[in-house]
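The values are calculated or read from the model by the stated rules, or taken from the named source; none is laboratory data. On a predicted model such as this, the values are computed, not experimentally measured, just so you know. We place every Cβ from the backbone using ideal geometry, glycine too, and count neighbours over all the protein chains shown. What goes into the accessible areas is simple: the full protein's heavy atoms, side chains included, and nothing from ligands, DNA or RNA. Shrake-Rupley method; radii C 1.70, N 1.55, O 1.52, S 1.80 Å.
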Amino acid sequence: MKKKYLLAPGPTPVPEHVSLEMALPMQHHRTPQFSKIFGEAAEGAQYLFQTKQDVLILASTGTGAMEGCVTNLFSAGDKVLVINGGKFGERWGKISETYGLKVVWHSVEWGQGADAKEIESILAQDKEIKAIMVQASETSTTAAHPIEALSKLTRDRDDILLIVDGITGVGVFNLPMDEWGIDAMVTGSQKALELPPGLALVSLSEKAWKFANQSTTPRFYFDFKKERKNLADKTSAYTPAVSLVAGLRVVLRDLQEEGLENVFKRHNRLARATRAAVQAMGLTMVAPDSPADSATGVFVPEGVDGGKLVKSLRDDFGVTLAGGQDQWKGKVVRIAHLGYVDTFDIIIAISALEMALKKFGAQVQLGKGVAAAQEILLEAY
Ligand SMILES: *Cc1c(COP(=O)(O)O)cnc(C)c1O
């Protein structure tokens, strides 16, 4: 017998009562009964995004909504600034190039957050740039980018948008869309939203909707204006992901009950506990200067094969963490602490990592990381 624990940054664990809600008999989507559910989910999403704007609910993964931002807001030849600090930053650029946008690539060293001052000087020298595209939390490196500082560069100009991939930021830490003036924000169901993969949420500012009127990019499925029109009737243009939307309504109701501020505090506490634990274990964080509250990455000790370590954690210990990608393949382990995750999930992740590292011959004193985490986790009680 092996009990399994999922502690990777997506998909994340789904609460049992949410699974049960999604297991209810299928219902038809063009009905007043389902419209009520859809409408409540969309309203809950406005609370989540801290916006008065519509939040579109799309049947796709997060990347679909990222692509939709590109195709709905820009046209071939438009110039955009992509902050590329990892796999997902790179994705903004690849999507944009696919549709003929001119991408100004701004590379940020993996594990670092962007420097808003540098971005400010790039924008000052090039007035043709129509957007900053960025991640709130670059999941591949566990680093956060300074969204509030970036919003100050775009919010008072009507010719540039701030486009935020908030897929591991929304519902983890504070990203008040209206207050900061974020122009487009995206999230997906399988990260902080405690659901299976398959839903993307996206909201646009008034300024972004004006850009949408100018865009000439061909599009069919991801047509935000069409979706907004349907949302007014509490439905979507095509068949909504009925079960996932039913689950989303429950998750967002729970979230409103906990209160966003408490949700952020919980994630921050789990993040701080994880950071304290890995440091007590003598491990080096991959994003020490600008760590996101969604996941913590560490370099595996010299002489340990990170790929084998993650595989053994999963197959021998039953604990799924994430490894490193691309240049960090085999060198990094990432512990996620977002979504349906609480105190004792962190204890499991840290104790399993200690045991697995010891098994692989690394110098670890068992319990040292766990104790450091406990000190911080105890704050909640
Ligand atoms: C997971 C993730 C994505 C990709 O989402 P999909 O649901 O796989 O399309 C994009 N950006 C970030 C920051 C993510 O964490």
Revision key, fill the gap. Given (1) within 22 Å of the chain's Cα centre (by Cα); (2) open to solvent by less than 10 Å² (accessible area, probe 1.4 Å), Ile160 misses just (1)
Point to revise | Subset of region 163-175 (residues that are assigned to a loop (DSSP other than H, G, I, E, B) and crowded, with 22+ Cβ neighbours inside 10 Å) | key: Gly166, Ile167, Thr168, Gly169, Val170, Gly171, Val172, Phe173, Leu175
Practice item. Considering every residue within region 318-325, establish whether at least one is assigned to a strand (DSSP E or B) and closer than 14 Å to Thr142 by Cβ. Key: yes
Check your understanding: Going through region 135-163 one residue at a time, which ones are of a type in the set (A, V, I, L, M, F, W, C) and near the ligand (Cβ under 10 Å from one of its atoms)?
Key -> Ala136
Point to revise | Subset tally (residues that are among the hydrophobic types (A, V, I, L, M, F, W, C), outside any helix (DSSP H, G or I) and either out of contact with any Pro (no Cβ under 7 Å at 6 or more places or on another chain) or free of Cβ contacts under 8 Å to residues at least 24 places away in the same chain (or both)) for region 326-340 | key: 3
Check your understanding: So which residues in region 164-194 are of a type in the set (A, V, I, L, M, F, W, C) and near the ligand (Cβ under 9 Å from one of its atoms)?
Key -> Ile167, Val186
Practice item. Name the residue, out of Thr320, Thr274, that is of a type in the set (Val, Ile, Thr), closer than 30 Å to His17 by Cα and in contact with a Lys or Arg (Cβ under 9 Å, 6 or more places away or on another chain). Key: Thr320
Study note, to complete from the structure: Residue pairs within 8 Å by beta carbon, gap of at least six or interchain, first lying in region 55-73 and closer than 12 Å to Arg228 by Cβ, second outside any strand (DSSP E or B) and within 11 Å of the ligand (Cβ to nearest atom), listed first then second, are Leu56/Ala65; Leu58/Gly64; Leu58/Ala65
Check your understanding: If we scan region 128-149, do we find a residue that is part of a helix (DSSP H, G or I) and open to solvent by less than 10 Å² (accessible area, probe 1.4 Å)?
Key -> yes
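Assess whether Thr239 counts as being in the same structural domain as Ser35 (by TED's automatic domain parsing), out of contact with any Gly (no Cβ under 7 Å at 6 or more places or on another chain) and open to solvent by 70 Å² or more (accessible area, probe 1.4 Å).
Values: in the same structural domain as Ser35 (by TED's automatic domain parsing): yes; out of contact with any Gly (no Cβ under 7 Å at 6 or more places or on another chain): yes; open to solvent by 70 Å² or more (accessible area, probe 1.4 Å): yes.
So Thr239 passes the test.
Kindly indicate whether Asp293 is part of a loop (DSSP other than H, G, I, E, B) and surrounded by fewer than 20 Cβ atoms within 10 Å (Cβ to Cβ). Step through it out loud before you land on a result.
Details: part of a loop (DSSP other than H, G, I, E, B): yes; surrounded by fewer than 20 Cβ atoms within 10 Å (Cβ to Cβ): no.
Here the answer is no, as Asp293 does not meet what is asked.
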Revision key, fill the gap. When region 350-369 is checked residue by residue, the ones that are open to solvent by 20 Å² or more (accessible area, probe 1.4 Å) and part of a helix (DSSP H, G or I) are Ser351, Met355, Lys358, Lys359, Lys368
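In region 292-318, what residues are touching a Leu at 6+ places or on another chain (Cβ under 8 Å) and not basic (Lys, Arg)?
The first filter runs over region 292-318 and keeps only residues touching a Leu at 6+ places or on another chain (Cβ under 8 Å), leaving 293-295, 298-301, 304, 309-310, 313-314.
Correct list: Asp293, Ser294, Ala295, Val298, Phe299, Val300, Pro301, Val304, Leu309, Val310, Leu313.
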Practice item. Taking only region 289-325 into account, find how many residues are within 28 Å of Lys265 (Cα to Cα) and free of Cβ contacts under 8 Å to residues at least 24 places away in the same chain. Key: 1
Review point. How many residues are out of contact with any helix residue (DSSP H, G or I) (no Cβ under 8 Å at 6 or more places or on another chain) and of a type in the set (Ser, Thr, Tyr) when one looks only at region 288-339?
Key: 1
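Condition check ((1) touching a residue at least 60 places away in the same chain (Cβ under 8 Å); (2) within 16 Å of the ligand (Cβ to nearest atom)) across all residues:
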site: Pro196; (1), (2): yes, yes
site: Leu199; (1), (2): yes, yes
site: Leu204; (1), (2): yes, no
site: Pro218; (1), (2): yes, no
site: Lys229; (1), (2): no, no
site: Asn268; (1), (2): yes, no
